[in-house]
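The numbers here are math on the coordinates, done by the rules we state, and not lab data. Just so it is clear, the structure is predicted and the values come from calculations on it, not from any experiment. Cβ placement follows ideal geometry from the backbone for every residue including glycine, while neighbour counts extend to all protein chains displayed.
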Amino acid sequence: MTLTDIKTAARKAAFARRKTAHGAAQADQAAYLSSFLAGHRGVPVAGFMPIQTEIDPRPAMEEAAAHGPVGIPVIQAAGQPLKFALWEPDMPLVPGPFKAMIPEHPEWMTPEIVIVPLVAFDRQGGRLGYGGGFYDRTLEGLRANGACLAAGFAFAAQEADDLPLEPTDQPLDMIITEAGILTPN
């Protein structure tokens, strides 16, 4: 079995767990994310617009936007890092690549905290994404140019014991779920 096969199987199992967690989600699923961001008021942060069964960070992003710049990711092209466009609650958005909503007229920003969506995570800060490498390239570039904190945001049910990781996979500094905040071992 190749690493690609192992990753495909791990993603399939994680998507099933995420779908179940999404179906049972409570309205306050972003409470711990809000609490974390409250300790970093004014720091440029990038969230994300949830797609499919991803946990929804928007309530925490709305609170953070009242105190400082908040951005959302915009895919430029395959094999390229993400760029982040300034986001405000209730601003006009249009569908972007992968059906994620993006600002109609993006104004670019550079985050110091990146809230990272994911398919699965482990307690060591490992993250399994969708397979495009967008966040890995982005975090590598941001970290090369200064401090950048990567906080995975997911349902607790997305935790896995053993993820098939590669040397290019960028680790998470913390994982925030609807159940609490985890710091990698």
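Among LEU82, GLN29, GLY68, which residue has its Cα positioned farthest towards the positive end of the charge dipole of the chain, with +1 placed on the Cβ of Lys and Arg, -1 on the Cβ of Asp and Glu, and the dipole taken about the Cα centre? The one lying farthest along the dipole's positive direction is LEU82. Taking the centroid of alpha carbons for each part, region 72-149 and region 1-30 are 19 Å apart. If you split all Cα-Cα distances of region 1-104 into 5 Å bins from zero, what percentages do you get per bin, shortest first? Histogramming region 1-104 at 5 Å steps yields 2, 11, 17, 18, 19, 17, 10, 4, 1, 0 percent. Here the chain is treated with +1 on each Lys and Arg Cβ and -1 on each Asp and Glu Cβ, and its dipole about the Cα centre works out to around 340 debye. In angstrom, the C-alpha Rg and Dmax of region 6-46 are 15.1, 41. Per residue, the convex hull spanned by the alpha carbons of the chain comes to 116 Å³.
If the segment from GLN76 to THR20 were pulled out straight at 0.36 nm per residue, it would be longer than the present Cα-Cα gap by 17.0 nm.
The simple spin-label model puts a point 7 Å past each Cα toward its Cβ; for ASP90 and ALA156 those points are separated by 3.5 nm. Principal axis extents of the C-alpha atoms in region 83-185 (largest first, rounded to whole Å): 41, 30, 23.
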